[in-house]
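So the structure is just underneath, and the comments pick up after that.
What follows is calculated from the coordinates using simple rules that are stated; it is not laboratory data. Given the structure is predicted, the values throughout are model-derived calculations rather than measurements. Note that each Cβ is placed from the backbone with ideal geometry, even for glycine, and that neighbours are counted across all protein chains shown.
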Amino acid sequence: MTQTDPLEPAPWPDRQDRQVQASEQARVHIWVSGRVQGVSFRAFVQQTGMMLGLTGWVRNLGYDQVETLAEGERAALEEFAQAVERGPRGSHVDAARVEWETPTGEFRWFDVKHSV
């Protein structure tokens, strides 16, 4: 059995863990309400998702709600969720519900779906 030098720096296991987490595939489902109609909110969400390399969709849910579902790297999804909660200029998000889910890989691109 070999002894290790107690003064020698330990390997960086947490660094590798962070890299794995950053590239980990995930799925986020977000509902926002507030002033989200007539302010290009869906286009903003779609553009943000595509710029971050995500796939999924966004749609209106009635007068003051938007729903989006996205998949991709966890770090990109976290940035996406923050952007959706902030919204584009001219919008005002009163409330947001964010749920993390297991990715399915079902999407090929980021789409704007028809309103419900």
Among the candidates V93, V66, which residue alone is under 16 Å from V36 (Cβ atoms) and crowded, with 18+ Cβ neighbours inside 10 Å?
V66
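Can you pull out every residue in region 36-57 that is among the aliphatic types (A, V, I, L, M) and either surrounded by fewer than 21 Cβ atoms within 10 Å (Cβ to Cβ) or closer than 13 Å to G87 by Cα (or both)?
Selection gives V36, V39, A43, V45, M50, M51, L52.
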Unique match (being touching a residue at least 40 places away in the same chain (Cβ under 8 Å), more than 16 Å from the chain's Cα centre (by Cα) and more than 25 Å from S23 (Cα to Cα)) among G38, G90:
G90
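Going through T104, T68, T48 one at a time, which residue ends up being β-branched (V, I, T) and within 12 Å of A26 (Cβ to Cβ)?
Working: T68 fails: within 12 Å of A26 (Cβ to Cβ); T48 fails: within 12 Å of A26 (Cβ to Cβ).
None of the other options fit; the residue is T104.
Answer with yes or no whether V36 is within 17 Å of G105 (Cβ to Cβ) and of a type outside the set (G, A, S).
Values: within 17 Å of G105 (Cβ to Cβ): no; of a type outside the set (G, A, S): yes.
The answer is no for V36.
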